[in-house]
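Here's the structure we're looking at; comments come further down.
The values are calculated or read from the model by the stated rules, or taken from the named source; none is laboratory data. Computed from a predicted structure; not experimentally measured. As a convention, Cβ positions derive from the backbone with ideal geometry for all residues, glycine included, and neighbour counts pool all protein chains shown. When the accessible area is computed, the model is the full protein with side chains, heavy atoms only, and any ligands, DNA or RNA have been set aside. Shrake-Rupley method; radii C 1.70, N 1.55, O 1.52, S 1.80 Å.
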Amino acid sequence: RRVAITARGMINSGRKALMAVTEVISAKLKESFSPTHLEVVDESDGCGAKISVIIISEEFTGKNMLKRHKAVHAVLKDELPNIHAFSQKTHTPAEWAKKQQQS
């Protein structure tokens, strides 16, 4: 099944129902990483061209930043070509807890 992102930041899967880019990204990340915390933000005023994510998951334990980011890119390989800017922060729950204490 082919999925395309329209100019308005919606996903068109060939059916009548449309989903926001953030909803599709969120669903895929939840399914792949079982995060304890997930934020998916459309920073482009709703068009879906600039997305930032924060993913907190045990799946990142023992992986460096590059491997984490490659894993996220692999999951979102169909969506990323249609997104102008994508930023991600990937942490383990322990790293996230430490970061939260520092702020």
Query raised in the report: Going through region 69-80 one residue at a time, which ones are hydrophobic (A, V, I, L, M, F, W, C) and part of a helix (DSSP H, G or I)?
Result: Ala71, Val72, Ala74, Val75, Leu80
Requested in this report: Name the single residue, out of those in region 75-103 being among the basic types (Lys, Arg) and farther than 21 Å from Ile25 by Cα, that is least open to solvent (accessible area, probe 1.4 Å).
Outcome: Lys99
Requested in this report: Please indicate, with yes or no, whether at least one residue in region 81-96 is farther than 19 Å from Asp42 by Cβ, among the small types (Gly, Ala, Ser) and assigned to a loop (DSSP other than H, G, I, E, B).
Outcome: no
Query raised in the report: Any idea which of (1) open to solvent by 50 Å² or more (accessible area, probe 1.4 Å); (2) modelled with pLDDT of 95 or more; (3) part of a helix (DSSP H, G or I) is the one Glu23 doesn't satisfy?
Result: (2)
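Quick check, is Ser44 surrounded by 12 or more Cβ atoms within 10 Å (Cβ to Cβ) and touching a residue at least 24 places away in the same chain (Cβ under 8 Å)? Give the steps one after another, and end with the answer.
Numbers: surrounded by 12 or more Cβ atoms within 10 Å (Cβ to Cβ): yes; touching a residue at least 24 places away in the same chain (Cβ under 8 Å): yes.
Considered against the rule, which asks whether it is surrounded by 12 or more Cβ atoms within 10 Å (Cβ to Cβ) and touching a residue at least 24 places away in the same chain (Cβ under 8 Å), Ser44 comes out as yes.
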Requested in this report: Restrict the check to region 60-78 and report whether at least one residue is in contact with a Lys or Arg (Cβ under 9 Å, 6 or more places away or on another chain), at pLDDT below 95 and not small (Gly, Ala, Ser).
Outcome: yes
**Report entry** Index of the failed condition, Glu39 passing every other in (1) modelled with pLDDT of 50 or more; (2) of a type outside the set (A, V, I, L, M); (3) farther than 17 Å from Thr90 by Cβ
**Finding:** (3)
Report task. Could you grab me the full set of residues in region 26-37 that are within 19 Å of Lys99 (Cβ to Cβ) and open to solvent by 40 Å² or more (accessible area, probe 1.4 Å)? Result -> Thr36, His37
Query raised in the report: Any idea which residue in region 47-68 is surrounded by the fewest Cβ atoms within 10 Å (Cβ to Cβ), counting only those that are part of a helix (DSSP H, G or I) and out of contact with any helix residue (DSSP H, G or I) (no Cβ under 7 Å at 6 or more places or on another chain)?
Result: Leu66
